[in-house]
Every structure is written in C-alpha cells, then in structure tokens.
Amino acid sequence: MKKHLAIFKNQGGELILSGQKTVESRFSQAKIAPYGVISSGDLVYIKPSGGEIVGQFRVKKTIFFEGLTPLDVREIRVKYEKDIAMDDDYWQKKENSRVASLIFIGESSRFLTAPVKIPKKDLRGWVVLD
C-alpha cells in the first residue's frame, strides 16, 4: 500500500468527503502521477490548494487511459460525469488530454486536525509519498 497526497482546487476534496464525488479524475498531456503509480488499497490524503490536509480516502479501483482523443474524453465524460461531479468548464479544459487516471473512491474520512504536515512548495497536483 502506498500513500499519496492529492491537491484539490475549488471544492473537489469537499465533494469527496461529502460523498458527492465517487471518482477522482486526473487528465494530462503526459504520464504523470497518479498515472500508473496508484492502485487499489492505496491511501490518499486530501489537501486543498494552499491549505492543510483535511481528510483521506482509500482507493477502491483505478482505470488508466493513454492515447486519448477529444472523442475519447467526451466518452469518459458521458460514462462517468455523475461520479466525477465536475462542471462544463472542467471538461472543456480536459478535452485535449492524452492521458487520464480514474480513481474510484472507497471509504473516506475527514480530519479535525491534520494528522501529518507535508511540506510542499511546488506546483505538482499529486505526490507519491512512499
């Protein structure tokens, strides 16, 4: 089992903790984390951009895509839009992605105080901790 730190802009992390978002999606042009480095049973810490860690979730399942076309991204949207819980603007920005990681969320829990402090000063949206 690996541990990960996922950085969330806007309300993504809160949507996971409330149960409204059951799949975390990460789209990119290149194979960057979490692509290929996350798997079932892994633990993901939830950290809002610029904030402290607020919770965690266990990974239920993962699906990875590569060589995506805009049509493929639209098909992913149709199939998983309700579970990913993002708006039209999000999907328009991701339309030209070549790679995607879909992370199905198992149990999640909110922290009253951050259990760990992870110093992070770079722009990465995902960090594999071990």
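Each reported figure results from applying straightforward, stated rules to the coordinates on display, with no laboratory input. The model shown is predicted, which means the values in this text are computed figures rather than measured ones. Please note: Cβ atoms are built from the backbone with ideal geometry, for glycine as well, and neighbour counts cover all protein chains shown.
Would you work out which of Ser28, Leu43, Thr62 lies farthest towards the positive end of the dipole of the chain? Charges go on Cβ: Lys and Arg +1, Asp and Glu -1.
The residue sitting farthest along the positive end of the dipole is Leu43.
Using DSSP, restrict attention to beta bridges with both residues in region 1-108 and report what percent are antiparallel, rounded to the nearest 5.
75
Report the label-to-label distance for Arg98 and Ser18 in nanometres (one decimal), using points 7 Å from each Cα along the Cα→Cβ vector.
Taking the two extended label points, one gets 3.6 nm.
Residue-wise, which Karplus ³J(HN,Hα) couplings in Hz belong to region 2-8, taking 6.51 cos²θ - 1.76 cosθ + 1.60, θ = phi - 60°, and x for glycine or proline?
Result, rounded to whole Hz: 9, 10, 10, 10, 10, 9, 10.
Provide Arg26, Arg98 in ascending order of the number of other Cβ atoms located within 10 Å of each residue's Cβ, fewest first.
Arg98, Arg26
Taking Cα atoms, how many degrees apart are the long axis of helix 70-84 and the longest axis of the chain, rounded to 10 and kept between 0 and 90?
Helix 70-84 sits at roughly 40 degrees to that axis.
Could you please rank Phe64, Phe27, placing first whichever residue has the fewest other Cβ atoms within 10 Å of its Cβ?
So the ranking, lowest neighbour count to highest, is Phe64, Phe27.
For the pair Ile32 and Asp88, how long in nm is the line joining their label points, each one 7 Å along Cα→Cβ?
2.8
Which value, in debye to the nearest 20, gives the size of the charge dipole of the chain about its Cα centre, when Lys and Arg are +1 and Asp and Glu are -1 at the Cβ?
Result for the chain is approximately 340 debye, rounded to the nearest 20.
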